[in-house]
Amino acid sequence: MKIYSVALIGCIVMFSGCSSKTNVVTKDVLVPTEVRSVVPCVTPKVECDFGTGKEDTSVNMLKCIIDQKRALEACSGN
């Protein structure tokens, strides 16, 4: 009976010694995150020059209207 108790105590001491030697290493890792910010859309300025002649005025006015529509589409996303 004495041999069993000595063997049991020896096993307990041996296993408790192994478990105390384990080292736990922790590391702090930075994870990159995406940050989105709201940026106000600024409509580009359109300057129109209608010219001096009567024929050029209607063509230049049509070009100006088309340029203004394109400038508005820049902020609408279409």
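Residues in region 39-50 include none that are modelled with pLDDT under 80 and of a type in the set (Ser, Thr, Tyr).
The rows are residues; the columns are (1) surrounded by 10 or more Cβ atoms within 10 Å (Cβ to Cβ); (2) of a type in the set (D, E, K, R); (3) at pLDDT below 80.
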site: MET1; (1), (2), (3): no, no, yes
site: GLY17; (1), (2), (3): no, no, yes
site: SER20; (1), (2), (3): no, no, yes
site: ASN23; (1), (2), (3): no, no, yes
site: VAL31; (1), (2), (3): no, no, no
site: LYS54; (1), (2), (3): no, yes, yes
site: CYS64; (1), (2), (3): yes, no, no
site: ARG70; (1), (2), (3): yes, yes, no
site: SER76; (1), (2), (3): no, no, yes
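The values are calculated or read from the model by the stated rules, or taken from the named source; none is laboratory data. For clarity, every value in this text was computed on a predicted model and none was experimentally measured. All Cβ positions, even for glycine, are placed from backbone atoms using ideal geometry, and neighbour counts span all protein chains on display.
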